[in-house]
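Heads up: the structure comes next, in structure tokens.
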Amino acid sequence: MKLKKLVPIILSISILLGGCSSFSSVQKDKVMVEKTNDEENNAKISKEEAKEIAVDYLKKYYDIKEDKKELKNLIKEVKYIKDPEETRDYLYGIESNGAWRVLWDKEGNKEHSYNVLIDAKDKKLLEIQNYVGVNTKGITKRKTIIDLKQAKQKAYNFIKNNELVDDINKLKLTVIYGKGIGKFIFLYNEEEYIFVDVDMTIDKVSRINRNIAPIYICDDTHLNIKKEKAIEIALDGIEKYFNGKVDTSKLVEDISLYKEIELPNGKIRPSSWNIHWRDLRVKEEKNKDIEYSASIDANTGELREVGYINKDLNQKTSKISDEEMEQIALDFIQKSKFVSDIKDLKEPKIDRWKNYNQEGGAVGFKYKDEILWAYIDFINKKVEYIGYGLR
């Protein structure tokens, strides 16, 4: 099972939130697709119950004119999901529970186009998406009618007004990003993430996703490296490799603990602390990214990843050749002494991406039995994040 960590996902703006996806069209004369598999019988709630629950969630969170019976008849597909990698977001916490995905879609104007994901054990809403009126094609080029600050308030109000959490005071905004669609990540009660997409071109909440995976709970009683020590290691690493003194009092702190898991290749990925400090004020007001981050082995205290992002997203990204990317990475590694001898770095490979019309990329080197990745800031032509096994 792949596990995507928050920082590299946001750096590449990849499929963490999947807000720019769309359903494929369904022929008008096509009836609901009833997909079945042997594992459905293990679900704690049935397919029919899943339909009812999905309809109830849609009626609760969106102003939909059709009554429950009509909405149920409009369902086009119901699918049982056992493997969390079948979802766009891998960390649903459904490894043992499974989930039901209920889809609506209509060809043409798609006046009924929704997506609901429900935990197949406890009926909790994992994801709900309303595509009606949302056309994500070319959205970054369309004119926005609300800004990030207004979109943030809309996301917060949606959670509050629809009572998505029991105590709104335990809700903390940890991440803001996006263009056209504003994406907001809230941490609830220090153990559950809630993702909200707001289409800023039509002033509408289009998607909510809940990550209830217990890997985020910071229970460090059984670990050698406690939370306070992990913070100390992170701050020391940021200062050592990026010459950055961090005043955390002005930043939003986001600390999570990833549990130990067995990887597909049979190796064990140990428990790790993932620490982020972000300046959300400058992001909201000036569209600048300022973030410090680190990942620490929770058993040995080894600094596995470290980063310092500081760039103005209003600036255009530079054109950088593969050779220049590699040289930027090698210069940083040699100067910072992230590894003792750069001659030990083998088989360099380049990974590139483009998100929100900005170029990005990383250079990966084989180092011993791992891959060391250096993420390149294409605005300032420098390394902004480095670590093992990021991609």
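Laboratory data are not the source of any read-out in this text; all were calculated from the coordinates shown. All values derive from a computational prediction rather than experimental measurement. For neighbour counting, all protein chains shown are included, and Cβ atoms are generated from backbone atoms with ideal geometry for every residue, glycine included.
Data table
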| read-out | value |
| --- | --- |
| Set of aspartates and glutamates near LYS47 by C-alpha distance (under 15 Å), chain-local residues within fewer than 8 positions excluded | GLU34, ASP38, GLU39, ASP56, GLU77, ASP119, ASP122 |
| Exposure proxy ranking, count of Cβ atoms within 10 Å, fewest first, for LEU74, LEU164 | LEU74, LEU164 |
| Pairs beyond 28 Å (Cα-Cα), from LYS283/LYS381; LYS143/LYS250; LYS69/LYS121; LYS82/LYS154 | LYS143/LYS250; LYS82/LYS154 |
| Förster-model FRET efficiency, 35 Å R0, GLU163 and ASN73, C-beta, rounded to 0.05 | 0.80 |
| Distance (nanometres) between label positions extended 7 Å along Cα→Cβ at ARG142 and GLN315 | 3.1 nm |
| Potential lengthening between LYS229 and LYS346 on full extension [0.36 nm per residue; Cα-Cα distance subtracted] | 38.8 nm |
| Contour excess over end-to-end distance, with Cα ends at THR248 and ASP322 and 0.36 nm allotted per residue | 23.1 nm |
| C-alpha center-to-center spacing [the range 243-307, the range 346-387] in angstrom | 17 Å |
| Efficiency of FRET between LYS354 and ARG269 - r from beta-carbon atoms, R0 45 angstrom, step 0.05 | 0.95 |
| Set of aspartates and glutamates near LYS349 by C-alpha distance (under 14 Å), chain-local residues within fewer than 8 positions excluded | ASP322, GLU323, GLU324, GLU326, GLU370 |
| Proximal charge balance of VAL165 [Cβ under 10 Å; K/R count +1, D/E count -1] | -1 |
| Greater than 23 Å apart at Cα, pairs in LYS267/LYS354; LYS288/LYS337; LYS316/LYS382; LYS44/LYS204; LYS149/LYS179 | LYS267/LYS354; LYS288/LYS337; LYS44/LYS204 |
